[in-house]
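Coordinate-derived values only; no laboratory data. Being a predicted model, the structure only gives us computed values, none of them experimental. All Cβ positions, even for glycine, are placed from backbone atoms using ideal geometry, and neighbour counts span all protein chains on display.
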Amino acid sequence: MNKMGFHPVLVLFILLTASGCGPGTGDSRATLTEIEQAEKALVSFFDTLHTGEYHQAVESYGGSYESSIEYNPEIDPANFVELMEAACSLNGFNCLKVKHSSLHQQVSDREFIFIVEFQQADGSLFSLGPCCGEPTSGETDQNQFLYTVTKFTQTGYQVKEMPPYSP
């Protein structure tokens, strides 16, 4: 021990911890809660769709491709990347960036439901009006959507629903 009564290893530990270099601070995911990780995966999924990174989006998607297969009989049903691209570019799915998201319900330690609002290209709130040419009153427009995110590996999450669809 030195004159002050502090052990040099203890002093080093205190200095490293205070500087942010101590145990548990090297990986930013280690500080995120399960909910934060799930929400981050959700936002990332829609970012990759919006920017056309369909291969990455497919890796983050754990839902059904049934509607995309029905709309695109010419695409191999096992080619999820092409099906996702067709959904966004041809079939009326709105592959937009997330404007706001918040936890709606934690179903289990592996399943989370989020309320999501999307933004249009100009940054305004995306709103889905009534179907098929019906007049819009603004009151019936939908601008909040529910999305389920499940944890499927230690650090991996998947979104279970496709983007909002406009016929």
Problem - If the convex hull is drawn through the Cα atoms of the range 33-159, its volume per residue in Å³ - result: 122 Å³
Exercise for the section: Neighbouring Cβ atoms within 10 Å as the yardstick, rank 118, 152, 80 fewest first. Expected result: 152, 80, 118
Problem - Under the Debye formula (equal points on every Cα, no solvent term), log10 I(q)/I(0) of the range 59-127 at q = 0.12, 0.16, 0.19, 0.28 Å⁻¹ - result: -0.45, -0.74, -0.92, -1.12
Fill in the blank from the handout: Charge dipole of the range 33-159 built from unit charges on the beta carbon (Lys, Arg +1; Asp, Glu -1), centred at mean Cα; most positive-end Cα among 103, 61, 146 is 103
